[in-house]
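Structure first, commentary second.
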There are 2 protein chains.
Amino acid sequence: MKITIKDIAKMADVSTATVSKIVNHKDQNISQATRQKVLDLIEIHNYVPNRVASSMITKKTNSIGLIIPDITNPFFPEVARGVEDYAKLEGYHVILCNSDNDLDKEVSYIGMLQEKMVDGIIFTSSSLRNKVSKEFLRLQIPVITVDRDITGMRAQGKITVDNTTGAYQGVSYMIERGYKRILHLGGPMTSKPALDRFEGYKTALDDHGIKYDEKLFFEGNYNAQWGYEGVAQAITNNLEFDGIFCGNDMIAIGAIKALNEKGISVPENIGVIGFDDIYMATVVTPNLTTVRQPNYRMGYKAAEMLIELIKHPERKMKDVVLKTKLVIRESTK
Amino acid sequence: MKITIKDIAKMADVSTATVSKIVNHKDQNISQATRQKVLDLIEIHNYVPNRVASSMITKKTNSIGLIIPDITNPFFPEVARGVEDYAKLEGYHVILCNSDNDLDKEVSYIGMLQEKMVDGIIFTSSSLRNKVSKEFLRLQIPVITVDRDITGMRAQGKITVDNTTGAYQGVSYMIERGYKRILHLGGPMTSKPALDRFEGYKTALDDHGIKYDEKLFFEGNYNAQWGYEGVAQAITNNLEFDGIFCGNDMIAIGAIKALNEKGISVPENIGVIGFDDIYMATVVTPNLTTVRQPNYRMGYKAAEMLIELIKHPERKMKDVVLKTKLVIRESTK
DNA sequence: TCTCTCTAGGTAAACGTTTACTTAATTATA
DNA sequence: TATAATTAAGTAAACGTTTACCTAGAGAGA
């Protein structure tokens, strides 16, 4: 039998209220003698308070849900780590949910999280989808989105990255280094980040007196496969280009692989730049020049905002837009 | 105000017991008319059952704790995904805990998980540490360890990988391909997997008539940094070798980087083989020949065992030892 | 001495479910 | 027709806490 607050109370010959006060450090009005007696008993009998019972009363579970598409996607472990770190600091637990960007799974998770009475939800997406289940819109608890909006819903908080400026800086850098015809292998244009990066790309060209050529723009997915195929296709089509701005690092990694196989040298013949700065970027040959996204920060910030909202639901949160940073390595000359 | 089972019961003019039975599908003895009436009310008012209240009675929270050192380490997302996938299948939630192999954090997490009344715990470690907190030993709930033992504790279940055979196969393959003096850049020998791989390495040499030379064995960590340094050191020491068997892929990636920088060609001059088969192995140049560990499987299996134990605590679990697989790519000739 | 204010703790309801047991009505069986 | 069995519910305790409110005694001030 598990030992409860009643057992401790009986043994200490006090009421459960007294024990409760001591356990929760609301014990200004408890004598040192009683406190010590109770604390000793707790230690001896290894009493651990049942937080599900407390939750019934306090209406707080001290847990938050983290919905991401796939922890296996190298983008997400860092944001997960960020939210977990801050959550722990504040005594919250995080429940990990992999949605695979699948509406059904999302609905199912939202249901489970609601039933478990989580205090809030952080929602991250790889932005491959723009719809969101109506279950989301019904939610009574605070939701923070990171990296994207939820259409039709005003989430209580929003963390994004300044993708436009990031792309602008990356592309500008390429132009300044002498690259003139820069291919853009973008992510899916249904997603805001992909759109913003495309925007930054165009503006950078424009500001440097280069006319945007739509033949140099390809829309695809966020994976290495697509980077590989995109380059292969461009070459087959005899497209002329001397640089590639990729929608993310995975695309860039695929692109470099294709170039290597064709015997095209990076960065001498063609420069490549990615987006994200995942660890792999430092490991491929050549090391990838890329626009770093503060993934850990995003997660951490998201948890910060969420927990502040949990504590003060009436507070209005300002959206936060994090800055990117150009990381120059070897894939550009 | 959140709507409760009582509200539904009142509106449907039935008892809460009836509603409860319907919600939990224990409704053989409920008339279709009543069932439908209640179901409709639930739908209309968007009633969601409070599982923390149920947990009080059923003594089950349907959640499990997953303690890993760091989700950011490329080894772990796959195992996390494995446990999450199976857990979801069975209606369990997983609470993610990053321990950083730090005893204090571990103790803190165990405390929190106990208080939250998780039904079981999966404990994974990067094997950098062998001690475990006494809090672990006190735990009343089932614990499954993956990848390593907990010293002094008989966990209710254990998932490991046959590291010895894996190493044996990898090293044998190198020898058969003509490599003769094979360096071993191992992980920390405080960890069982590192030891077993070392064992497999020696046995393979032995079985192929090559004498083990202790000058060719280096003990280190599990990261790329160490691989880089290990090789640099070996070269500085004018050590003669034509192959490297690495304690894991990260080490191998670091080693290849060092070799590349010295202008030593892989695999022509020196062959390199890793362990794990993380995604990065397919992305470095040359692609890494490695011994694949079934990470996802490990996580999945662990969740399977844990949940079986939760349902049938009396059952005795057989330890499972998963097989590795040699994946031949480009870093060996 | 009387009243007031602290101090140290106790009382008991409440949180939202589940479930063992009970009950009333209906149907089947002999 | 009398009884047994089945169906379709309802009753109320229990789960382990927290907390608003209460109380008894001690000391202080007048």
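Laid out as a table, the results:
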| read-out | value |
| --- | --- |
| Residue within the range B:297-309 that is within 25 Å of B:G227 (Cβ to Cβ) and either polar (S, T, N, Q) or more than 12 Å from chain A (Cβ to nearest Cβ) (or both) present | yes |
| The range B:301-333, subset open to solvent by 70 Å² or more (accessible area, probe 1.4 Å) and among the aliphatic types (A, V, I, L, M), residue farthest from B:C246 (Cα to Cα) | B:V321 |
| Close pairs (7 angstrom Cβ cut-off, 6 or more residues apart or separate chains): farther than 16 Å from B:D207 by Cβ in the range B:177-196, among the aromatic types (F, W, Y) and assigned to a loop (DSSP other than H, G, I, E, B) anywhere | B:R181/B:F241; B:L183/B:F241; B:G187/B:Y222 |
| Selected residue (only one of B:I270, B:I310 is β-branched (V, I, T), assigned by TED's automatic domain parsing to the domain that holds B:D213 and at pLDDT 95 or above) | B:I270 |
| From the options B:G220, B:G243, B:G200, B:G209, residue that is open to solvent by 60 Å² or more (accessible area, probe 1.4 Å), over 23 Å from A:N287 (Cα atoms) and more than 19 Å from the chain's Cα centre (by Cα) | B:G209 |
| Within the range A:254-284, tally of residues that are among the aliphatic types (A, V, I, L, M), assigned to a helix (DSSP H, G or I) and open to solvent by less than 10 Å² (accessible area, probe 1.4 Å) | 5 |
| Residue check for B:K37: open to solvent by 30 Å² or more (accessible area, probe 1.4 Å), within 8 Å of DNA strand C (Cβ to nearest atom) and at pLDDT 95 or above | no |
| Members of the range B:22-32 that are more than 8 Å from DNA strand C (Cβ to nearest atom) and either in contact (Cβ under 8 Å) with a residue 60 or more places away in the chain or under 44 Å from the mean Cα position of the chain (by Cα) (or both) | B:I22, B:H25, B:D27, B:Q28 |
| Output for the range A:80-110, where each listed residue is more than 10 Å from every other protein chain (Cβ to nearest Cβ), more than 17 Å from B:H93 (Cβ to Cβ) and part of a helix (DSSP H, G or I) | A:Y86, A:L89, A:L103, A:D104 |
| Residue under evaluation B:K116, criteria (1) within 16 Å of DNA strand D (Cβ to nearest atom); (2) touching a Lys or Arg at 6+ places or on another chain (Cβ under 7 Å); (3) open to solvent by 50 Å² or more (accessible area, probe 1.4 Å), criterion not met | (3) |
| Complete set of residues in the range A:111-120 that are of a type in the set (G, A, S) and more than 10 Å from chain B (Cβ to nearest Cβ) | A:G120 |
| Residues of the range B:267-288 that turn out to be touching a helix residue (DSSP H, G or I) at 6+ places or on another chain (Cβ under 9 Å), in contact (Cβ under 8 Å) with a residue 60 or more places away in the chain and not aromatic (F, W, Y), as a count | 6 |
| In the range A:303-327, the residues that are under 11 Å from A:K158 (Cα atoms) and without any contact (Cβ under 8 Å) to a residue 12 or more places away in the chain | A:K318 |
| Cβ-Cβ under 9 Å pairs, at least 6 apart or on other chains, the range A:5-21 side away from chain B (no Cβ under 14 Å) and acidic (D, E), far side more than 10 Å from DNA strand C (Cβ to nearest atom) and open to solvent by 40 Å² or more (accessible area, probe 1.4 Å) | A:D7/A:M1; A:D7/A:H45 |
| Residue identified as out of contact with any Ser or Thr (no Cβ under 9 Å at 6 or more places or on another chain), outside the structural domain of B:I144 (by TED's automatic domain parsing) and over 20 Å from B:Y168 (Cα atoms) among B:K257, B:K262 | B:K262 |
| Yes/no for A:K262 being without any contact (Cβ under 8 Å) to a residue 60 or more places away in the chain, basic (K, R) and under 27 Å from A:S125 (Cα atoms) | no |
| Only one of A:V107, A:V94 that is under 14 Å from the mean Cα position of the chain (by Cα) and open to solvent by less than 60 Å² (accessible area, probe 1.4 Å) | A:V94 |
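Per-residue answers, yes or no, for (1) among the β-branched types (V, I, T); (2) more than 8 Å from DNA strand D (Cβ to nearest atom); (3) out of contact with any strand residue (DSSP E or B) (no Cβ under 9 Å at 6 or more places or on another chain):
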residue	(1), (2), (3)
A:K6	no, no, yes
A:T16	yes, no, yes
A:S20	no, no, yes
A:V23	yes, no, yes
A:Q28	no, yes, yes
A:N50	no, no, yes
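Conditions tested, residue by residue: (1) surrounded by fewer than 16 Cβ atoms within 10 Å (Cβ to Cβ); (2) in contact (Cβ under 8 Å) with a residue 60 or more places away in the chain; (3) more than 7 Å from chain A (Cβ to nearest Cβ).
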residue: B:E43; (1), (2), (3): yes, no, yes
residue: B:N62; (1), (2), (3): no, no, yes
residue: B:P69; (1), (2), (3): no, no, yes
residue: B:T72; (1), (2), (3): no, no, no
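The values are calculated or read from the model by the stated rules, or taken from the named source; none is laboratory data. Predicted, not measured: the structure shown is a model, and the values here were computed from it. Cβ coordinates were reconstructed from backbone atoms using ideal geometry, including for glycine residues, and neighbour counts include every protein chain displayed. Remember, those area values only see protein heavy atoms, side chains included, never the ligands or the DNA or RNA. Shrake-Rupley method; radii C 1.70, N 1.55, O 1.52, S 1.80 Å.
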